[in-house]
Structure formats: C-alpha cells, structure tokens
Amino acid sequence: MEPPFPEKWGVFVFVGKNQSINPPTLLLTRMAAFIAVAVVLGYLLTAIPNVELVTATCFAAGYCLGPVAGAAVGAMAEFLFAGFHPMGSSFGLLLLAQMSGMALTGFAGGRIARFLPDPQKFASRRILLVAGAFLTLVFDLLTNLAFPLQAGFSFSQTRVALAAGAAFAIVHIGSNCLVFSIVLPKVLSQLKRMA
C-alpha cells in the first residue's frame with residue numbers, strides 16, 4: 001500500500017530530480033508541517049519527564065509521506081527539538097543517537113503503513129502498540145548508550161548508567177504504548193481522510 005497521501009516519495013526530492021514527485025514543493029511543505037508539529041508537541045510536554053508526542057508525530061509523518069520523507073522528518077524534528085531544547089541542548093554523539101532514533105521511527109511509519117489499511121481496527125492498534133514499544137526501546141537504548149560513550153565511561157560505569165535510566169525508559173515506553181495504541185490510530189485515520 002502506498003502512503004495515504006497521493007504523491008510519490010523517494011530520495012529524488014533530495015538530489016534535485018523531481019520526476020517521481022508531483023509536485024515536490026507539496027511534499028516538502030508537508031514535511032515542514034510535520035517537523036513543526038513534532039517540535040511544538042515536544043516542547044508542550046517538556047515538563048513531564050519521558051512523556052512525549054515527538055515519536056508518534058514522526059511515525060505519522062512516515063505513515064503519510066513514506067519511509068524516506070518520514071526518516072528526514074524524524075531526523076530534522078529531533079535535531080530542532082533536542083538541539084535547541086530549553087532545558088539543555090544535546091550535542092555530539094547523543095544528538096546523533098537521538099536523530100537516528102527518530103529517523104528510524106519515521107522510516108518505520110512509512111514501512112508499516114501498508115499493514116495498517118484501517119488504523120482504528122483492533123489488529124492495527126496491536127501493530128501500532130508493538131511498533132511504539134519497539135521504536136521507543138530502540139530510541140532509549142541508543143540515547144542511553146550514547147551519553148556514557150560520549151562521556152568516556154568504562155563498561156561498568158555504562159552498565160550503572162543504563163540501570164539508572166531503566167525506570168525512565170519504562171515510563172517512556174509505557175507512555176508511548178498508550179499514545180501509539182489509543183491516540184495515534186485516531187490521528188492516522190483523520191490524516192488518511194484528509195488525503
């Protein structure tokens with residue numbers, strides 16, 4: 001199944017060839033809109049630790065725009081959100097890990113779209129729940145490993161840092177499971193209707 005929006009997606013928009021995208025400015029505008037929404041929703045929930053809507057927004061971007069555009073949205077949204085965060089910006093390996101995790105999330109949204117013809121159905125909600133849990137786990141592992149590596153921790157110090165972050169990761173995974181299985185199906189259905 002193609003993404004719900006009618007235009008094609010692909011790397012061609014990034015290298016200047018627009019034969020497969022009609023029109024390329026529409027795709028770029030939609031990508032910019034998803035990036036803006038992800039950053040705003042991220043800042044909206046900044047005060048609540050490990051509860052966020054950036055992951056779901058990047059996944060929705062992939063679902064609507066395709067895996068390549070979704071990955072680009074995820075990387076750029078996370079760069080803006082984490083790189084300019086009011087409570088402390090990320091940099092170096094940590095920022096790269098965050099951008100990679102969100103790029104994977106956007107890409108996965110585009111790849112999983114074909115398995116979600118009706119996001120409101122129970123089977124689709126289960127797929128979304130598993131995807132949300134897995135993608136959040138991968139994001140948390142990437143980011144929780146990046147900091148100790150960047151800081152030069154030893155193996156035993158890295159294990160302690162991972163153990164210390166486990167409770168936060170559990171809250172993050174749990175909250176994203178709720179968002180992906182309850183909120184995201186309704187959002188994806190509405191986006192699909194607007195296409």
Problem - Tally of residues being touching a Phe, Trp or Tyr at 6+ places or on another chain (Cβ under 8 Å) and either in a loop (DSSP other than H, G, I, E, B) or of a type outside the set (A, V, I, L, M) (or both) across the stretch 97-118 - result: 7
Fill in the blank from the handout: The lone condition residue 87 fails out of (1) within 17 Å of residue 50 (Cα to Cα); (2) at pLDDT below 95; (3) surrounded by 15 or more Cβ atoms within 10 Å (Cβ to Cβ) is (3)
Practice task
Would you point out the residue of the stretch 147-186, among those that are in contact (Cβ under 8 Å) with a residue 24 or more places away in the chain and aromatic (Phe, Trp, Tyr), that is surrounded by the fewest Cβ atoms within 10 Å (Cβ to Cβ)?
Solution key: 168
Handout entry: Residues of the stretch 119-139 that turn out to be within 21 Å of residue 57 (Cβ to Cβ) and in a loop (DSSP other than H, G, I, E, B), as a count
Key = 2
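Being assigned to a helix (DSSP H, G or I), of a type outside the set (D, E, K, R) and touching a residue at least 24 places away in the same chain (Cβ under 8 Å): is that true of residue 71 here?
yes
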Problem - Out of 191, 142, sole residue that is under 18 Å from the mean Cα position of the chain (by Cα), modelled with pLDDT of 95 or more and under 23 Å from residue 60 (Cβ atoms) - result: 142
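Yes/no matrix, rows are residues, columns are (1) at pLDDT below 95; (2) farther than 19 Å from residue 169 by Cα; (3) not polar (S, T, N, Q):
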{"site": "25", "(1), (2), (3)": "yes, yes, no"}
{"site": "44", "(1), (2), (3)": "no, yes, yes"}
{"site": "54", "(1), (2), (3)": "no, no, yes"}
{"site": "75", "(1), (2), (3)": "no, yes, yes"}
{"site": "80", "(1), (2), (3)": "no, yes, yes"}
{"site": "91", "(1), (2), (3)": "yes, yes, yes"}
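Can you pull out the residues in the stretch 75-98 that are of a type outside the set (A, V, I, L, M, F, W, C) and on the phi < 0 side of the Ramachandran plot?
Narrowing the stretch 75-98 to residues of a type outside the set (A, V, I, L, M, F, W, C): 78, 83, 85-86, 88-90, 92, 98.
Selection gives 78, 83, 85, 86, 89, 90, 98.
The values are calculated or read from the model by the stated rules, or taken from the named source; none is laboratory data. All figures in this text were calculated on a predicted structure; none of them were measured in a lab. Here the Cβ is made from the backbone with ideal geometry for all residues, glycine too, and neighbour counts use every protein chain on show.
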